[in-house]
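For reference, the structure discussed in these notes is given below.
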Amino acid sequence: MATAHPRSAGSRPAVPAPAGAGALPVRYRTAALPAEVVDGWRELAAGEPGGSWFTTPDWALAWWETLGADPASSGNEGEIVVWRDGDGRVDAVVPLLRTVQRLHPRAPLPVPCLTVLGSGPGAADHCGFVVAAHRRAEVADWLARRGRRTTLLLADLDPDQAGLLPTGAVEIGRTPCPRADLTAGPDALGSRQFRANLRRYGRKLAAEGITFRWVPPALALSELPERFELLHTAVRLHRVRRAALGRPTTFDEARAPLHLRVIERAADTGRGEGPAFLVAERAGEVVGVLYGFQWRDTFAYYQIGWDVAWAPLRLGTAVIAEAIRAAAGQGLTTFDFLRGTEPYKYRFDAVDREDVSWLVPRGVPGALLGLKYRAKAARRAPADAPHAPDAPAGD
């Protein structure tokens with residue numbers, strides 16, 4: 001069932017779209033953007049080099065409608081700045097969130113800053129702004145002026161975003177995001193021994209009656225109930241798996257509204273892009289779910305959950321391998337494991353592409369915030385990644 005998402009408190013309508021080339025950008029302070037702006041944003045994201053699912057309106061607006069929906073209690077205030085040409089075509093979109101960072105949980109000093117709307121608690125990777133080539137200089141200048149009095153904390157940016165950053169931007173961390181090249185086919189990935197192990201355990205799982213199926217992005221709202229159920233199942237199985245390992249997780253029911261809304265928004269477009277699943281079943285029961293996003297030529301693997309009873313038969317690895325096979329079968333050429341350097345990713349011949357986090361500090365609080373994040377990056381371990389999937393035990 002579709003869920004209602006109230007507007008943020010204090011929202012106010014944007015001014016009308018610019019009438020001609022060179023007009024000032026329009027700032028929207030509500031997630032209820034005009035349909036033509038949302039469509040134009042999506043088309044721009046689809047056509048520009050680089051980028052990811054996390055730069056689309058389907059992710060950013062869903063984030064605003066759920067995790068960022070209560071600025072009165074969280075202190076967050078969103079804005080989306082849009083440039084359009086004389087014909088109304090969207091040329092650039094800069095989604096920002098005004099928020100507060102603390103230097104330490106017990107420190108009273110808050111640091112106001114601007115971040116990328118949709119990053120942070122949603123555990124998005126390859127974040128950033130969608131900007132046509134001929135607008136990049138203009139947008140970079142605007143962002144520099146926007147950040148003159150407010151610290152900019154731009155986490156997990158796609159590396160191609162560096163050219164948009166103001167002078168004085170300081171790198172505060174890098175996040176490896178391994179990805180596998182599918183152009184040679186899934187059977188070309190990994191060592192000979194690894195592929196033999198996949199086949200061996202695949203036969204054992206098949207003998208136990210476990211089957212796999214790909215559930216593509218929904219094309220219609222009528223397909224939402226199954227996707228919603230699979231999302232909840234993935235959350236439940238993931239939570240049980242993490243509990244068995246004695247580890248916490250942020251992929252829980254508190255984050256489920258974000259992903260349900262992402263599924264709903266993507267289905268409403270009818271484009272066949274966005275949230276997709278690889279499902280493992282036995283006797284009609286779901287025993288494993290891999291959840292991610294199909295976008296352009298890439299599948300981004302976000303999270304996994306599977307029944308711990310099947311750990312001896314490497315069910316987790318089998319689900320990932322089947323998802324890779326299914327993605328290749330869809331004609332996709334990249335399987336993006338997203339953040340985290342868990343060893344199992346490299347068994348599939350994944351190669352790192354690094355997201356970069358930047359800070360443009362303003363004042364002493366901004367400089368202290370930079371020290372905090374550099375120290376945090378220095379001691380960060382791969383297992384700390386918010387949506388790093390569990391490496392199946394024994395693999």
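Results for (1) open to solvent by less than 40 Å² (accessible area, probe 1.4 Å); (2) within 25 Å of Y302 (Cβ to Cβ), shown as yes or no for each residue.
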site: R84; (1), (2): yes, no
site: G88; (1), (2): yes, no
site: R102; (1), (2): no, no
site: P105; (1), (2): no, no
site: A124; (1), (2): yes, yes
Self-check item: All positions within the stretch 133-162 that are in contact with a Leu (Cβ under 8 Å, 6 or more places away or on another chain), assigned to a loop (DSSP other than H, G, I, E, B) and open to solvent by 10 Å² or more (accessible area, probe 1.4 Å)
Solution: T150
Practice problem: Quickly run through the stretch 76-118 and pick out the residues that are free of Cβ contacts under 8 Å to residues at least 40 places away in the same chain and either at positive phi or part of a loop (DSSP other than H, G, I, E, B) (or both). | Solution: N76, D87, P105, R106, A107, P108
Quiz item: Which of the residues that make up the stretch 234-256 are open to solvent by 60 Å² or more (accessible area, probe 1.4 Å), in a helix (DSSP H, G or I) and touching a residue at least 24 places away in the same chain (Cβ under 8 Å)?
Solution: R236, R239, V240, A244, L245
Quiz item: Would you pick out the residues in the stretch 281-305 that are under 18 Å from the mean Cα position of the chain (by Cα), open to solvent by 30 Å² or more (accessible area, probe 1.4 Å) and without any contact (Cβ under 8 Å) to a residue 60 or more places away in the chain?
Solution: D297
Quiz item: Exactly one of (1) touching a helix residue (DSSP H, G or I) at 6+ places or on another chain (Cβ under 8 Å); (2) farther than 25 Å from R174 by Cβ is unmet by R136. Its number?
Solution: (2)
Quiz item: Does the stretch 174-207 hold any residues that are of a type in the set (D, E, K, R) and open to solvent by 80 Å² or more (accessible area, probe 1.4 Å), and which are they?
Solution: R174, D181, D187, R192, R199, R200, R203, K204
Quiz item: Are any residues in the stretch 320-344 surrounded by fewer than 21 Cβ atoms within 10 Å (Cβ to Cβ) and of a type in the set (K, R), and if so, which ones?
Solution: R325
Self-check item: Filter result (within 20 Å of the chain's Cα centre (by Cα), small (G, A, S) and at pLDDT 95 or above) within the stretch 306-341
Solution: A323, A327
Quiz prompt | Selection within the stretch 267-284 - modelled with pLDDT under 95 and within 24 Å of W306 (Cβ to Cβ) | solution = G284
Quiz item: Out of all the residues in the stretch 93-116, is one or more among the small types (G, A, S) and under 23 Å from P25 (Cβ atoms)?
Solution: no
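Of the residues G173, G190, only one is more than 21 Å from F54 (Cα to Cα) and touching a helix residue (DSSP H, G or I) at 6+ places or on another chain (Cβ under 9 Å); which?
On the way: G173 fails: more than 21 Å from F54 (Cα to Cα).
Exactly one of G173, G190 is more than 21 Å from F54 (Cα to Cα) and touching a helix residue (DSSP H, G or I) at 6+ places or on another chain (Cβ under 9 Å), namely G190.
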Practice problem: Go through the residues of the stretch 301-322 one by one and say whether even a single one is of a type outside the set (A, V, I, L, M), touching a Leu at 6+ places or on another chain (Cβ under 6 Å) and in a loop (DSSP other than H, G, I, E, B). | Solution: no
Quiz prompt | Qualifying residues in the stretch 210-233 (those that are out of contact with any Asp or Glu (no Cβ under 9 Å at 6 or more places or on another chain) and more than 24 Å from R296 (Cα to Cα)) - the one surrounded by the most Cβ atoms within 10 Å (Cβ to Cβ) | solution = T233
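The values are calculated or read from the model by the stated rules, or taken from the named source; none is laboratory data. Please read all numbers here as calculations on a predicted model, not as lab measurements. So basically every Cβ, Gly included, is an ideal-geometry build from the backbone, and we count neighbours across all protein chains shown. Just so you know, the surface numbers come from the protein's heavy atoms only, side chains and all, with ligands and any DNA or RNA stripped out. Shrake-Rupley method; radii C 1.70, N 1.55, O 1.52, S 1.80 Å.
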